[in-house]
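**Q** Here's a structure for you.
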Amino acid sequence: KKKIAVMTSGGDSQGMCAAVRAVVRAGIFYECDVFACFEGYSGLVKGGNLLRKLGWEDVRGWTSLGGTLIGTARCMEFKERSGRLSAAYNMVTNGIDALIVCGGDGSLTGADLFRSEWPSLLEELYEQQKLAKFQIEKYKTLKIVGLVGSIDNDMACTDATIGAYSSLERICEMVDYIDATAESHSRAFVVEVMGRHCGWLGLMAGIATGADAIFIPERPPEVGKWKDDLKTVCKRHREKGRRKTVVIVSEGAIDRELNAITSDAVKDVLVEMGLDTRTTILGHVQRGGTAVAFDRMLATLQGVDAVKAVLEMTPDTPSPMIGILESKIVRQPLVRAVELTKSVATAIANKDFDKAISLRDSTFLE
Ligand code: ADP
């Protein structure tokens, strides 16, 4: 029987449980044993009870849940070769040679590195007399498939990451709550949302709630000038009869010289305008709550495709990342997706914002 392991790694997101459920059940449907690797890469490195088989019933009711019930962790050991050696040992001794990782670009980078090192890891374990010759032959190829779990919607080569729409929904609900009090008191609110390198949550929340202004990393305004521009816009809206002011700031918002535009700095500008201003940093509520229908669907369809991808992979197939493009579930080369994602951050760091936007490979910023 083929044995597959599934893990969630990096920051948690709504829909990760649905992805695990889909992998477990599709795996069982295709007559595989599916192991959950608990606590991200730590489960592989430590093995034992952190790497165990899940049955059909174990994932019952997981479709709607937020967070991840198999745990996630930042695992420093896996960044070292010694950690990856022990991960390889635990996989082979459990008979597992396929791994489905649901995480962000860091987790998927780690997975790809693991695959590229696989033969040499096994040889080293053989030299240390921890594995036998037949095991090295039998498990000589490792199959890796990536699923993207991230609230930020920050991965290239896919239109949506698992969790992004749930997080966006949470933000919109919170801004709606704030709206009531803002309007009652005629107040201004600065709402800080997550997204260090990616402004998707901020931009989409701004559009969906009709914010007065939005600050995101990919479209930084001119140094200093943004303050006057912000005042002009908010004043115009007020003059048209709007009783509230809402400005959405991504946590990674910057100006064109890469100075941070913090929620405090935005607040100061609104206060200067004479507005009674409050700041709300949404924080971890953005990761909370149940998954919206879109994330349940995305995670389920992608989880099933991840299992199919494992079963169809040959040793020459580049590791796939399961994405969604124009409403179709697609397989993309994982390495390319991760490289493109990293190049957006690099373009921003080099102040090449046009390049960052074009690399985002999306029409939403144009
Ligand atoms: P995300 O997957 O959300 O981007 P991280 O970057 O924190 O989150 O990565 C999650 C985990 O993936 C890390 O704690 C580590 O175990 C593993 N990982 C990340 N980058 C690498 C890497 N370059 N090499 C090996 N493992 C990595």
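Every number here is computed from the coordinates shown, using simple stated rules; none is lab data. Since we're looking at a predicted model, the values are computed, not measured. Cβ coordinates were reconstructed from backbone atoms using ideal geometry, including for glycine residues, and neighbour counts include every protein chain displayed.
**Q** Go through the range 308-339 and give me each residue that's crowded, with 18+ Cβ neighbours inside 10 Å, in contact with a Cys (Cβ under 7 Å, 6 or more places away or on another chain) and assigned to a helix (DSSP H, G or I).
**A** Within the range 308-339, just 337 meets the criteria.
**Q** Answer yes if at least one residue in the range 296-317 is more than 20 Å from residue 11 (Cβ to Cβ), aliphatic (A, V, I, L, M) and touching a Pro at 6+ places or on another chain (Cβ under 6 Å), and no otherwise.
**A** Among the residues of the range 296-317, at least one is more than 20 Å from residue 11 (Cβ to Cβ), aliphatic (A, V, I, L, M) and touching a Pro at 6+ places or on another chain (Cβ under 6 Å), which makes the answer yes.
Per-residue answers, yes or no, for (1) under 13 Å from residue 191 (Cβ atoms); (2) part of a helix (DSSP H, G or I):
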| site | (1), (2) |
| --- | --- |
| 228 | no, yes |
| 246 | yes, no |
| 249 | yes, no |
| 274 | no, no |
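**Q** Can I ask one more? What about residue 72, is it within 13 Å of the ligand (Cβ to nearest atom), touching an Asp or Glu at 6+ places or on another chain (Cβ under 9 Å) and closer than 17 Å to residue 45 by Cβ?
**A** yes
**Q** Can you find, within the range 51-97, the residue that is nearest to residue 115 (Cα to Cα) among those that are assigned to a helix (DSSP H, G or I) and among the aliphatic types (A, V, I, L, M)? Break it down into steps so the answer makes sense when it comes.
**A** Initially, the range 51-97 is screened for residues assigned to a helix (DSSP H, G or I), giving 56-59, 77-79, 81-93.
From what's left, among the aliphatic types (A, V, I, L, M): 59, 85, 87-88, 91-92.
On the way: 59: 28, 85: 12, 87: 12, 88: 10, 91: 12, 92: 13 Å.
This residue is 88.
**Q** Continuing with this model, one more query. Conditions first: (1) among the hydroxyl-bearing types (Ser, Thr, Tyr); (2) within 16 Å of the ligand (Cβ to nearest atom); (3) touching a residue at least 60 places away in the same chain (Cβ under 8 Å). Residue 64 passes all but one, so which condition is the exception?
**A** Failing condition for residue 64: (2).
**Q** Does the range 88-100 contain any residue that is within 21 Å of the chain's Cα centre (by Cα), of a type in the set (Ser, Thr, Tyr) and either closer than 21 Å to residue 148 by Cβ or more than 16 Å from the ligand (Cβ to nearest atom) (or both)?
**A** Residues of the range 88-100 within 21 Å of the chain's Cα centre (by Cα): 99-100.
Pick out the ones that are also of a type in the set (Ser, Thr, Tyr) and you get none.
No, that holds for no residue.
**Q** In the list 114, 134, which residue meets the criterion of being part of a helix (DSSP H, G or I), within 16 Å of the ligand (Cβ to nearest atom), among the aromatic types (Phe, Trp, Tyr) and out of contact with any Leu (no Cβ under 6 Å at 6 or more places or on another chain)?
**A** Values: 134 fails: within 16 Å of the ligand (Cβ to nearest atom).
Just a single option satisfies the conditions, and that option is 114.
**Q** Does the range 36-45 include one or more residues that are away from the ligand (no atom under 13 Å from the Cβ), surrounded by 20 or more Cβ atoms within 10 Å (Cβ to Cβ) and under 25 Å from residue 291 (Cα atoms)?
**A** yes
**Q** Name the residue that is farthest from residue 102 (Cα to Cα), counting only residues in the range 1-23 that are part of a loop (DSSP other than H, G, I, E, B) and away from the ligand (no atom under 12 Å from the Cβ).
**A** Filtering the range 1-23 for residues that are part of a loop (DSSP other than H, G, I, E, B) and away from the ligand (no atom under 12 Å from the Cβ), the one farthest from residue 102 (Cα to Cα) comes out as 1.
**Q** Here's something else I'd like to know. Somewhere in the range 24-42, is a residue more than 29 Å from residue 283 (Cβ to Cβ), assigned to a helix (DSSP H, G or I) and either of a type in the set (D, E, K, R) or within 22 Å of the chain's Cα centre (by Cα) (or both)?
**A** Taking every residue of the range 24-42 in turn, at least one turns out to be more than 29 Å from residue 283 (Cβ to Cβ), assigned to a helix (DSSP H, G or I) and either of a type in the set (D, E, K, R) or within 22 Å of the chain's Cα centre (by Cα) (or both).
**Q** Among the listed residues 120, 107, which satisfies the condition of being out of contact with any His (no Cβ under 8 Å at 6 or more places or on another chain), crowded, with 20+ Cβ neighbours inside 10 Å and part of a helix (DSSP H, G or I)?
**A** 107
**Q** Quick check on residue 27: is it of a type outside the set (Phe, Trp, Tyr) and surrounded by fewer than 18 Cβ atoms within 10 Å (Cβ to Cβ)?
**A** no
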